[in-house]
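The structure appears below as structure tokens.
The values are calculated or read from the model by the stated rules, or taken from the named source; none is laboratory data. Not measured: the values here are computed from a predicted model. Please note: Cβ atoms are built from the backbone with ideal geometry, for glycine as well, and neighbour counts cover all protein chains shown. The protein model used for the area step is the full one, side chains on, heavy atoms only, and it has no ligands, DNA or RNA in it. Shrake-Rupley method; radii C 1.70, N 1.55, O 1.52, S 1.80 Å.
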Amino acid sequence: MTDSPRETAAETATLLLCGARLTDGRIVDVRLSGPRIEAVGTAGSLAVAAGTGDGTRVDLRGYLLLPAPAEPHAHLDQALTAGGPPAGDVEDVQRRATEAALLQLGHGATAVRSHVRIGDVQGLRALEAVLQARRALRGLVEVQTVAVPRLLTGVAGADGLAMLRDALKMGAAAVGGCPDLDPDPSGYTEAVLSLAAEFGVPVDLHTAAADPARLARLAAMSGGMRPGVTLGPCHGLGALPATAVASAAARLAAAGISVVALPQGGCCVLDRGGATPVRALLSAGVRVTAGSGALGDLTNPVGRGDPLEAAFLLASHGECAPQRAYELVSGGARAVMGLPEVRVEAGFPAELLALRGESLTGVLSLAYSRIVIHRGRVVSRTSAVREYCDSATEAVLDLPRQSHREA
């Protein structure tokens, strides 16, 4: 039994991507069959089935074809609230969550992990709304939900623990939360890890990681846990001495803990200050990815949820090279989210992003036109046209519709 008509069609659809450039410089055709890549060959060497028509071809001449990015740290329930207090009912949250997920899809993210607050006066309404948005978006973008309770220890935390259990029964994909805000951070972490082990789901915690001793205890408790533990944004590490950062990074690497940085700004759970030391974490062998955090809420009113912007900021701030920066928001994000690896090779999932441009460095800077492919279907197109008015320069120089640069 399939979940939607979109998925039914996608299981048998064939799509040919023609004349795309890969990061190694090759110009290729890529044939997709359902949700997977069926074949990759030199340009002009592949064909679609006879009688399928022009609708099964996408001309990607002038585009760079990449594995699609994913968004490992969103807050869909809080998104798009910078204009004023939200209504907060299920319908309002679902509308904003759906719009925010589609905005991120338009940027290229074919999978989104959203932290969702539970407890207090809202109970489980926000989670219910995001789960409804997830169902409505199936076939367009994959949405994961992380249940985020406020308190889990002491008398006040008993209700939060019960509600977290209910959230997992409702369909939350991971256990989250913010131990920094609980009177007993270690007790909070222990409760989260215990419940995650019981339900067999991953852990994704908010923490500034500003206290080395507390981080060491967290790493000791989390070491070896499957399906995995993720921390973010860990911006407090950036304010520590280099020796403390190196020691903390070594502990995180040994425990197999992943870190999600938020180079575009803060998120609605923690105040921001400092920057995640991405270079030091990578050097120590920590799995690192980068997310968007706030998308148009009071924490970051100008947040726009663009994975390429996260990669651009990592590269422009010198945390890693452009190629590595993109890998962090694509393959790195998918690994943290427990999703299959994507390569532009036969047999891999057809989760792809085509960007107008000729090199990875160039598209991180100037890629406005984008074609997004999820499960073998084109699910979003953005076309940018730049016009220079009242000038003969454009005609004389034959300027491109969108500027691009070579590596």
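Assorted remarks:
- Candidates are the residues of segment 368-381 that are open to solvent by less than 60 Å² (accessible area, probe 1.4 Å) and hydroxyl-bearing (Ser, Thr, Tyr); the one that is nearest to PHE312 (Cα to Cα) is SER369.
- Top-ranked residue of segment 301-325 - restricted to ones that are buried (at least 21 other Cβ atoms within 10 Å of the Cβ) and not small (Gly, Ala, Ser), ranked as farthest from ALA280 (Cα to Cα): ASP306
- A single entry from GLY187, GLY157 fulfils the requirement of being buried (at least 16 other Cβ atoms within 10 Å of the Cβ) and not in a loop (DSSP other than H, G, I, E, B): GLY157.
- Residue match in segment 220-241 (condition: open to solvent by less than 30 Å² (accessible area, probe 1.4 Å), farther than 19 Å from GLY291 by Cα, touching a Ser or Thr at 6+ places or on another chain (Cβ under 9 Å) and not polar (S, T, N, Q)): no
- Restricting attention to segment 119-152, the residues that are modelled with pLDDT under 95 and of a type outside the set (A, V, I, L, M, F, W, C) total 5.
- Scanning segment 119-136 for residues that are part of a helix (DSSP H, G or I), out of contact with any Gly (no Cβ under 9 Å at 6 or more places or on another chain), farther than 19 Å from MET337 by Cβ and open to solvent by less than 40 Å² (accessible area, probe 1.4 Å) yields one hit, ALA129.
- Residue that is closer than 21 Å to ARG113 by Cα, modelled with pLDDT under 95 and surrounded by 17 or more Cβ atoms within 10 Å (Cβ to Cβ), where the choices are ALA174, ALA208: ALA208
- From the options ARG356, ARG343, residue that is within 19 Å of THR289 (Cα to Cα), open to solvent by 10 Å² or more (accessible area, probe 1.4 Å) and more than 16 Å from the chain's Cα centre (by Cα): ARG343
- Test: residue in segment 272-294 that is modelled with pLDDT under 95, assigned to a loop (DSSP other than H, G, I, E, B) and over 20 Å from the mean Cα position of the chain (by Cα): yes
- For segment 81-99, the criterion of being modelled with pLDDT of 95 or more, in a loop (DSSP other than H, G, I, E, B) and on the phi < 0 side of the Ramachandran plot is met by no residue.
- Subset of segment 162-190 [more than 26 Å from the chain's Cα centre (by Cα) and more than 17 Å from GLN122 (Cβ to Cβ)]: ASP182, PRO183, ASP184, PRO185, SER186, GLY187, GLU190
- Unique residue being under 19 Å from ALA315 (Cβ atoms) and not small (Gly, Ala, Ser) when the list is LEU240, LEU262: LEU262
- GLN144 being assigned to a helix (DSSP H, G or I) and either surrounded by fewer than 24 Cβ atoms within 10 Å (Cβ to Cβ) or touching a residue at least 24 places away in the same chain (Cβ under 8 Å) (or both): no
- Residue selected from segment 351-389 under the condition free of Cβ contacts under 8 Å to residues at least 24 places away in the same chain and not acidic (Asp, Glu), by the criterion farthest from ARG324 (Cα to Cα): CYS389
- Within segment 104-118, tally of residues that are open to solvent by 10 Å² or more (accessible area, probe 1.4 Å) and more than 15 Å from ARG377 (Cα to Cα): 2
- Residue list for segment 242-268, filter: part of a helix (DSSP H, G or I), open to solvent by less than 40 Å² (accessible area, probe 1.4 Å) and β-branched (Val, Ile, Thr): VAL245
- For segment 95-103, the count of residues that are open to solvent by less than 50 Å² (accessible area, probe 1.4 Å), touching a residue at least 12 places away in the same chain (Cβ under 8 Å), touching a strand residue (DSSP E or B) at 6+ places or on another chain (Cβ under 8 Å) and not hydrophobic (A, V, I, L, M, F, W, C) is zero.
- Among the residues listed as ASP184, ASP180, ASP159, ASP120, the single one being out of contact with any helix residue (DSSP H, G or I) (no Cβ under 8 Å at 6 or more places or on another chain), closer than 25 Å to GLY228 by Cα and not hydroxyl-bearing (Ser, Thr, Tyr): ASP180
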